[in-house]
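Quick notes on the structure that follows.
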Amino acid sequence: MPVRTLEWVGDGLRLLDQTLLPTEETYVDCRDVETVARAIEGLVVRGAPAIGVAAAYGVAIGALTADGPEERRQAIARAIERLRRTRPTAVNLFWALDRMAAVASRSDDSELADGLVAEACEIERDDIRRCRAMGRHGAALLPDEATVLTHCNAGGLATAGWGTALGVFYAAAEMGKRVEVFADETRPLLQGARLTAWELAASGITVTVICDNMAAALMRSRKIHGVFVGADRIAANGDAANKIGTYGLAIIARRHGVPFHVVAPMSTVDVSLSDGARIPIEQRDGDEVRRGMGRQTVPDGARVWNPAFDVTPAELIAAIITEHGVARPPFEPTLREWAARG
């Protein structure tokens, strides 16, 4: 990664403000829980794994800024409750907060704050380890010269610094493979154009941006070896929630015989949900569509429907790649076995 997505700076969390990329590299210093929560809600930090890491550090900040044992435990409980309300779809958020709550419950008062900081740091290190493993598993599926397509941003900017779907491309490059990436712009907030293209280009990966509605024409005119996307929550049967537009891309890939891969850590797999119909879908502010390009593009009299995610049915997914390996349909037995490993 050309920059750090997030960094613990001793008494707070420093976040790269992703709302200003690719033209500005500005950092936000978070030294209270509310600043962390608003950074998650406002997409200063985004991507399921990165949200989980940021939330873990938010809990640690809550402990560090409280005085006295009883107040500290109350502050931790308030921090967890506030951070749980930030974004509903990415299960990594709740996974990380549950880890922090477990550490708090078993820690003595004297070691509580230090223990929470240490756990948040471990969640960050753990994310990088998992992402590198996923990258190796996914890269093995690519030929020595590959052309691929991705949607939204599932790279270092969406994680602690390596990436899920984009980590596959970074790992392939490390293996000496030549990878050309087509990146959907990803309406309405252009995470593909602003973020994916920025980090791939800065990392030396050949990248071409296309509008979301160009994917079908691309697959008809070019040999695409695979579509690789991340996920914010995967149900037990393999249904996967990802950035809005992913479902349509999966349909197009099936029509053109292009394998569609989902790359995500096991912290994204929610085996408590039998299928994707039970995944909560976040609804975002309509102004992201009305003024997503910096000026009003929707008339005042028109309503806006703005779901942040859609769910791709498992039947359209060729493989789910996690840190444990490559799962093929039917996904549920493998996902449940892997979930039991932790």
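Evaluate the following for THR89: is it farther than 12 Å from VAL36 by Cα and under 20 Å from the mean Cα position of the chain (by Cα)?
yes
Tell me yes or no: at least one residue of the stretch 196-215 is in contact with a Lys or Arg (Cβ under 9 Å, 6 or more places away or on another chain) and of a type in the set (A, V, I, L, M).
no
Okay, residues lined up against (1) more than 19 Å from ASP127 (Cα to Cα); (2) part of a strand (DSSP E or B); (3) charged (D, E, K, R); (4) in contact (Cβ under 8 Å) with a residue 60 or more places away in the chain:
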position	(1), (2), (3), (4)
SER267	no, no, no, yes
LEU273	yes, no, no, no
ARG303	yes, no, yes, no
GLU315	yes, no, yes, no
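Checking ALA250 against (1) outside any helix (DSSP H, G or I); (2) in contact with a Leu (Cβ under 9 Å, 6 or more places away or on another chain), which single condition isn't satisfied?
(1)
Output the residues belonging to the stretch 171-195 that are touching a helix residue (DSSP H, G or I) at 6+ places or on another chain (Cβ under 7 Å) and within 23 Å of GLY245 (Cβ to Cβ).
Once the filter is applied, which keeps residues that are touching a helix residue (DSSP H, G or I) at 6+ places or on another chain (Cβ under 7 Å) and within 23 Å of GLY245 (Cβ to Cβ), the stretch 171-195 yields VAL179, VAL181, PHE182, ALA183, ASP184, GLU185, THR186, ARG187, PRO188, LEU189, LEU195.
Among the residues of the stretch 109-145, which ones are more than 23 Å from the chain's Cα centre (by Cα) and either of a type outside the set (D, E, K, R) or assigned by TED's automatic domain parsing to the domain that holds ILE224 (or both)?
Residues satisfying the conditions are SER110, LEU112, ALA113, GLY115, PRO143, ASP144, GLU145.
For (1) at pLDDT 95 or above; (2) closer than 21 Å to HIS137 by Cα; (3) among the acidic types (Asp, Glu); (4) crowded, with 16+ Cβ neighbours inside 10 Å, each residue gets a yes or a no:
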position: TRP305; (1), (2), (3), (4): yes, no, no, no
position: ILE317; (1), (2), (3), (4): yes, yes, no, yes
position: VAL326; (1), (2), (3), (4): yes, yes, no, yes
position: PRO329; (1), (2), (3), (4): yes, yes, no, no
position: GLU332; (1), (2), (3), (4): yes, yes, yes, yes
position: TRP338; (1), (2), (3), (4): yes, yes, no, yes
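The values are calculated or read from the model by the stated rules, or taken from the named source; none is laboratory data. Just so we're clear, the structure is a prediction, and the values are computed from it rather than from any experiment. All Cβ positions, glycine included, derive from the backbone under ideal geometry; neighbour counts span all protein chains shown.
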